[in-house]
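A short write-up of the structure that comes next.
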Amino acid sequence: MASTALTGSESLSPARGPRLDGAVHPAGRWAFLALMIGGLGYAGISIASDTAMVGEQMATGVFLFLGLALVIALGFEFVNGFHDTANAVATVIYTNSMSPVVAVVWSGVWNFAGVMFSSGAVAYSIITLLPVDLILHIGSAAGFAMIFALLIAAVLWNLATWYVGIPNSSSHALIGSILGVGLANQLINGASGTAGVEWGQAEKVLSGLLMAPVLGFIGALLLLYTMKKLIRDPKLYREPATDAPPPKGIRALLIFTCTAVSFAHGGNDGQKGMGLIMLILIGCAPTAYALNRTVPDSATPAFVQTANAAVSAFAAHGTAPANLAAARTTVTRALQTKRVATPAVFGGLAAISNDLGQRIGGYGALSKVPAAATPNLRNDMYLVLDTTKLMLANDTAKATLTAPETAALKAYSGQLQQGTRFIPLWVKITVALAMGLGTMVGWKRIVVTVGERIGKTHLTYGMGASAELTAAAMILIAERLGLPVSTTQILTSGVAGAAVANGAGLQRRTMFHMALAWLLTLPAAMLLSGGLYWVLLAVVRAAGI
């Protein structure tokens, strides 16, 4: 069994846990390697095909740079797989419901499925945490420094906590890295008024992360109490017999809960890597990826119609800007400061939206937008979309708009979102592969902590089922709401809640280490990413890039 830093008198004897050192058949290793190489090759072929289709020629240096960025982004999802998904398999392994090898392969398959069926809402929820000016100029040296800094910081923190066997949140690490880059960007460029952290979105995301462990603990505790009242089979609440599988019904329940958590984890956590990969693609190959060129030509009249209706709604409450450049400056500043309920902002949105309707109508479709016009068009669409969403959530602005005008702006936002916020199928597949394969590697350290070192007694069937049912339900709900949450925090808190409900105490040493890791993750990831961003930005500026 893999050793970890979490040892001491409170730990259970290793003999009580299942054997985690079963040999893997050589064919399994070759299949793993083939899938990894095949996934990277598929990504490269897809990029070459997409850029060739729109006539975008990528220099060799840019292509290699893009490849490196994608490898790091996929590496984050790979680490996420073995760091977070170990939580899902711990219960079936420690209740002898599945053998370790079968459990991790099964979980990897359902992680893959979860990514493939994800909505994409969480991906763009993460992206909107980033500074506005860096998103608008993602292809700049500062934009690439931002992406590399936050990815490397998140991976380093995940690996550090995995090494000592602490079930830490990959979501927490990534969000901390994003916040660190945003703060560093504001400190470095404060005099020029560039944006830092998007605090409104950060508050929404962080509130979900903070509440998740509490809800996981309470939910699993109440669920196990309820199970004890309704299902009085004592086998559910006793330590499983050594090496003996559970009764068929209980075994089916535990396999179902493992499947549900794995699927939910893939659907939520997989999107974080997707969003970052889309930023990388937009920066390196804007012609192919800045706009959703798969939107059919037949959708153009509807876009123009909704744009014209939005122009009328904006213009009714706005003052006309001096020119289009002034309109962009006004709207950009409004998005940065969150002050959108002014006549100048309404007028700026009307001017940009009028120009968007005319340009896209003139091209005939997003697929026909010329390469030279793509970045500016995408930036205008991004500006209008996010400012309009902010306006629709602003009480002062909502009071200004009539019901028909509000409906027109919502329809317009939907059209803009369809044109700019998309995830190609190949991105989903490669992320799904990275996470699925990561699930099958390095899982032992976290499994030991979850299975042996949270409660003072061995994990029972009821404890495992209640913790995983709670986690799966919460993660699936969060994915539908577009909220990034932590599988690790929800499930480990659920195990703790179930241990309390089952009359078992909690191992204080483990809980202390876990709480310390959760508290340190945000500041540590922020310091790492902020420092890396400062160093990388200094390097590219010194090189004159």
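The values are calculated or read from the model by the stated rules, or taken from the named source; none is laboratory data. The structure presented is a predicted model; accordingly, all values stated were derived computationally and were not measured. With ideal geometry, Cβ positions are generated from the backbone for all residues, glycine too; neighbour counts draw on all protein chains shown.
For the stretch 154-199, a tally of residues being under 20 Å from ARG541 (Cβ atoms), at pLDDT 70 or above, buried (at least 20 other Cβ atoms within 10 Å of the Cβ) and not polar (S, T, N, Q) returns 4.
Here's the yes/no breakdown for (1) farther than 21 Å from TYR461 by Cα; (2) among the aromatic types (Phe, Trp, Tyr); (3) in contact (Cβ under 8 Å) with a residue 40 or more places away in the chain:
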{"site": "MET474", "(1), (2), (3)": "no, no, yes"}
{"site": "GLY482", "(1), (2), (3)": "yes, no, yes"}
{"site": "ILE490", "(1), (2), (3)": "no, no, yes"}
{"site": "ALA499", "(1), (2), (3)": "no, no, yes"}
{"site": "GLY505", "(1), (2), (3)": "no, no, yes"}
{"site": "HIS513", "(1), (2), (3)": "yes, no, yes"}
{"site": "LEU519", "(1), (2), (3)": "yes, no, no"}
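For every residue, the table says whether it meets (1) in contact (Cβ under 8 Å) with a residue 24 or more places away in the chain; (2) in a helix (DSSP H, G or I).
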| site | (1), (2) |
| --- | --- |
| ALA27 | no, yes |
| PHE32 | yes, yes |
| LEU35 | yes, yes |
| SER49 | no, yes |
| GLU56 | yes, no |
| ALA69 | yes, yes |
| PHE78 | yes, yes |
| ASN87 | yes, yes |
| MET98 | yes, no |
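Can you pull out every residue in the stretch 305-333 that is surrounded by fewer than 16 Cβ atoms within 10 Å (Cβ to Cβ), hydrophobic (A, V, I, L, M, F, W, C) and in contact (Cβ under 8 Å) with a residue 60 or more places away in the chain? Of everything in the stretch 305-333, just one residue is surrounded by fewer than 16 Cβ atoms within 10 Å (Cβ to Cβ), hydrophobic (A, V, I, L, M, F, W, C) and in contact (Cβ under 8 Å) with a residue 60 or more places away in the chain, namely ALA316.
Do the conditions hold for ILE93, that is, is it touching a residue at least 40 places away in the same chain (Cβ under 8 Å) and under 17 Å from the mean Cα position of the chain (by Cα)? Against the criterion (touching a residue at least 40 places away in the same chain (Cβ under 8 Å) and under 17 Å from the mean Cα position of the chain (by Cα)), ILE93 does not qualify. When each of GLY497, GLY544 is tested for being surrounded by fewer than 24 Cβ atoms within 10 Å (Cβ to Cβ), over 24 Å from the mean Cα position of the chain (by Cα) and either modelled with pLDDT under 85 or in the same structural domain as GLY219 (by TED's automatic domain parsing) (or both), the lone residue that passes is GLY544. Which residues, counting only those in the stretch 80-104, are touching a Gly at 6+ places or on another chain (Cβ under 6 Å), among the hydrophobic types (A, V, I, L, M, F, W, C) and surrounded by 23 or more Cβ atoms within 10 Å (Cβ to Cβ)? Scanning the stretch 80-104 gives PHE82, ALA90. Against the test of being in contact with a Lys or Arg (Cβ under 7 Å, 6 or more places away or on another chain), at pLDDT 85 or above and of a type in the set (Gly, Ala, Ser), the options ALA290, ALA285, ALA302 yield a single qualifying residue, ALA290.
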